[in-house]
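Visitor: Right, I'll just put the structure down here and ask away after.
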Amino acid sequence: MEYALYRGDDLLKIGTADELAEFKQVKRKTILFYATPAYRKRTSDKSLRTIRLEEEEE
């Protein structure tokens, strides 16, 4: 599963949760938390966001 990591409208990196965690030097579960509705409610639009990327079916 791949994710895109954003800060506001700026794309920072695309990769797996483990790759993004290493990139930001946080735990994997932190990257996954960035994608939750609870995190979005607690933070501003300029905060980090993780978006799960859908795989295209052929």
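The values are calculated or read from the model by the stated rules, or taken from the named source; none is laboratory data. Note that this is a predicted model, so its numbers are computed, not measured. Note that each Cβ is placed from the backbone with ideal geometry, even for glycine, and that neighbours are counted across all protein chains shown. With ligands, DNA and RNA removed, areas are computed over all heavy atoms of the protein, side chains included. Shrake-Rupley method; radii C 1.70, N 1.55, O 1.52, S 1.80 Å.
Visitor: Which is the longest part of the chain that has none of the trypsin sites (Lys or Arg not before Pro) sitting in a DSSP loop with at most 16 other Cβ atoms within 10 Å?
Guide: Longest run free of exposed loop sites: 1-26.
Visitor: Quick one: putting +1 on the C-beta of Lys and Arg, -1 on the C-beta of Asp and Glu, what dipole do you get for the range 1-53 around its Cα centre, in Debye to the nearest 20?
Guide: Roughly 340 debye, rounded to the nearest 20.
Visitor: Now, a different point. Determine the order of 14, 51 by accessible area, beginning with the largest, at a probe radius of 1.4 Å.
Guide: Correct descending sequence by accessible area is 14, 51.
Visitor: Which whole-number value in Å² is the accessible area per residue of the chain, probe 1.4 Å?
Guide: Each residue of the chain exposes 80 Å² on average to a 1.4 Å probe.
Visitor: Okay, moving on. Given the -39500 (n - 2.57) contribution per DSSP H run of 4+ residues, what per-residue ellipticity at 222 nm results for the chain, rounded to the nearest 500 deg cm²/dmol?
Guide: Numbers: 3 runs with 20 residues, N = 58.
Result for the chain, helices only: -8500 deg cm²/dmol.
Visitor: Same structure again: Carbon-plus-sulfur fraction of the accessible area of the chain, 1.4 Å probe, in percent?
Guide: 45 percent
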